[in-house]
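Worksheet: the structure to be examined is printed underneath.
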Amino acid sequence: MNPFRLNVEESVELLRHAAFDKAVLFCLVPLFFAGWVFSFSNWIPLAIAVWATLQYGSFQRQLLVEELNKKWKQIVLDTSPTTPLEHCEWLNKLLTQIWPNHINQKLSLKFSTIVEKRLKHRRSRLIERVELLEFSLGSCPPGLGLRGTQWSTSGNQRIMRLGFDWDTNEMSIMLLAKLGMPFTGTCRIVINSIHLKGDLLLRPILDGRAILYSFVHTPEVRIGVAFGSGGSQSLPATELPGVSSWLVKLLTDFLVRTMVEPRHRCFPLPAVDLGKKAVSGTIYVTVISATKLSRNSLRGNSSRKSLSTYMDSTPEETLTDKEDLQTFVEVEIDELSRRTSVRSGSSPVWNSTFNMILHEDTGTLRFNLYESNPNHVKYDYLASCEVKMKYAADDSTTFWAIGSDSEVIAKHSEFCGKEVEMVVPFEGIDCGELTLRLIVKEWQFCDGSHSSHNFLTSQQSVNGSSNFPTRTGRKIGVTIVEGKDLSWKDKSGKCETYVKLEYGKALRKTRTAMSLNPNWNQKFEFDEIGGGEYLKIKCFGVDIFGDENMGTARVNLEGVHEGIARDVWIPLEKVNSGELRLLIEAVKLDDYEGSRGSNTISNNGWIELGIIEAKDLVAADIGGTSDPYVRVQYGILKKRTKVIFKTLNPHWNQTLEFPDDGSPLLLHVKDHNALLPTSSIGDCVVEYQRLPPNQMADKWIPLQGVKRGEIHIQITRKVPDLEKDKRCSLDSESSFTKAHQVSSQMKQTISKFQTLIEDVNLDELSACMSELESLEEVQEEYIQQLETEQRLLINKMKELGQEILNSYSLSRRCS
């Protein structure tokens, strides 16, 4: 700031003070001019100087008094209660009456879900796995405000302070633990008492729409633990070392991270309760800009940390505040993180939007500010701030953050899709603010409904809550459609990616696609599991030295509703970029079987697949050609075509048949090698389930996982004609005779193969191997034909028996 400008401003204020507060100024001004004009004495300028000095001192004292009065008023306002101390015997008596039959049941159900999730992620070293068997808080409620309550004011916010003392030995929480080394076996851990004591702060926000609550300091925690015996217990009822302290630490850490000042938890008070439980949500987070950044203030942050180590580092003292900061923001929620681009200056603008996923009805968005220095290989942590959010039962969302002087910044979004903008100061420093835009895209509920962009559709609940995974009688269809912005390439610059899915004990894997924005479009079906089981997704990049993890994701399938596919983009966790697009739908088992029965003839039909030709295949051999053949996988059945040598446009003209049981039909085009392993030159999925019966579909299907290539097929869902007694065979001769002829040819070919091995004739050996493989496929084809004819014959016998019974019943009625 210009010092001359500051002196002028102070002089103007001084003259105003003298002019309005001291009337003698109007008398001294004429005397000053008279003495200056006539110059008859020197005492007038001296008197003016003395008077000005006195006025300046008075002015400074008045400013100091006003500043001290302002600070004192603020201290009195912050520390003094606005209401006298009030006793709460009536509140505790009321709580004692309603706790056992009302509050205990609701809180036990709510806390059991939270405890079960926490135990899965944080276990003791002596415990491999923990299951929650029983959860009850008991009939003894906590004591509230035993020493009284009082209200105080901090800024514009009212705060209630009351004591919290919960000392009960009627609690019953039972855990079944599988022990690790050096112990073995299982053990039942029973939590039978708890002592939790501290002072609570309650802050009404948003005109009473919600209450924030937190402990003033870390509360005193004691937990009583006993060890069960008998039943599934494989250890004696003796205490295991460290279990009690582990549980105390687990609870204490949770309280410190979530509800010890300045952290708060939120209790919404909606005007309308729609009675829905949110299990996950999607939010768009836009980091707009930051202001008032100063290197000197940020460098003084005591909680600085770095992301990596130094290399060719520059002394920190050489960086001055005049140099432009190169900063970026990392957005975190649970294990999901994303970064903005790097911007320079004390007021950088990013305008970066990220798709973030919540796995429950509340979440914490953490924003970490880093400095990117070109002379360092690490990012210097500068500051951070947090924004918390919680779903309310009226379909609204509450956002809150810690403001300056520990005040609370709160915003309210009445419906999904409404934009909320917040300016949040960085914690622990005196300067710096972050401007954010938050939009809740949708909430997903356990009853199968969605709240999205102010549009609500409800379905009836199809699965109840359970502590153990149970089958719900539904099928979950998950289609891995595509991916985008995947961040990985191998040393050769290629990018071959695939996805693994895990749901309960079921494992699935997509085919490999060669792109950073791959398109799989593969559908997998799972038996739905209750109890909030997550679908776990892992994305991998193919590498010659071992596949590289490109990110993971969790998808909450609880409450997926029937009849409507849910189209979502899921961001990958533990990486900086990458999303997968999923289509998720649920089908009742009865409807699933019915749809399969209407589109497939599992007992009375078969699939006739004609593999005609392929074109524009990739070259797999050194000479620029390939030796292609097609391997067909239908459920657990596998068949293959003959090999066409040295061509990129092969013609097979072969027909294969399979019993129609609704299994996926996969085609793998491979390059044949006599001695080396075969290599893949593309694959594809043939969709046939919705084809009309007995009508052939002629298709050219592009091959996946390669840059080019198409395959020409003809597929028919054959349904036998019920009016005919039997189906015409593939040849005029008996299938049994054909099968025996093929077996005889195989024996002759094997004998010839052994002779060629002794003579080391590689060219003839390769041709003989191809002939042998073709004969094996023909034999499998006739065996499959026999099985189909056998099945058709059995069905005909059943139909004939039913007709006999019907005719017999009809004749008896007539008689």
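The values are calculated or read from the model by the stated rules, or taken from the named source; none is laboratory data. In this text, all values refer to a predicted model and were calculated from it rather than measured experimentally. Note that we place each Cβ from the backbone using ideal geometry, even for glycine, and neighbour counts take in every protein chain shown. Heads up: the accessible areas ignore ligands, DNA and RNA and are worked out on the full protein's heavy atoms, side chains in. Shrake-Rupley method; radii C 1.70, N 1.55, O 1.52, S 1.80 Å.
Just a few scattered comments:
- Over 32 Å between alpha carbons, listed pairs LYS536/LYS646; LYS484/LYS639; LYS475/LYS707; LYS292/LYS411: LYS536/LYS646; LYS484/LYS639; LYS475/LYS707
- Taking only the C-alpha atoms of segment 473-587, Rg followed by Dmax gives 14.2, 47 Å.
- Long-range amide H partners of GLY143 with built H, under 5 Å: ASP165, TRP166, ASP167
- Surface share of carbon and sulfur [accessible, 1.4 angstrom probe, percent] for segment 89-268: 56
- Descending principal axes extents, segment 606-718, alpha-carbon based, whole Å: 44, 24, 23
- Fraction of alpha-carbon pairs over 29 Å apart in segment 89-268 - percent: 28
- J(HN,Hα) series, segment 336-348, from Karplus relation 6.51 cos²θ - 1.76 cosθ + 1.60, nearest Hz, glycine and proline x: 9, 9, 9, 10, 7, 6, 8, 10, 10, x, 7, 9, x
- Of LYS615/LYS642; LYS110/LYS538; LYS509/LYS642; LYS500/LYS615; LYS249/LYS388; LYS718/LYS796, those spanning more than 19 Å from alpha-carbon to alpha-carbon: LYS110/LYS538; LYS509/LYS642; LYS500/LYS615; LYS249/LYS388
- Accessible surface, per residue, of segment 89-268 when the full set of protein chains is kept, probe 1.4 Å, Å²: 53
- Accessible surface of THR678 - all protein chains present, 1.4 Å probe, nearest 10 Å²: 60
- Virtual paramagnetic centre 7 Å along Cα→Cβ of LEU107, amide N under 17 Å, in segment 250-289: 251-252, 255, 259, 265-268
- Pairs of Cα atoms farther than 19 Å apart, segment 524-588, %: 41
- Remark: segment 473-587 carries 43 Å² of accessible area per residue (probe radius 1.4 Å; ligands, DNA and RNA excluded).
- Residues with amide H under 5 Å from that of GLU573, placed H, sequence gap 5 or more: THR552, ALA553
- The phi torsions of segment 798-805, fed into the Karplus equation with coefficients 6.51, -1.76 and 1.60 and a -60° offset, translate into couplings of 5, 5, 5, x, 5, 5, 5, 4 Hz, rounded to whole numbers, with Gly and Pro shown as x.
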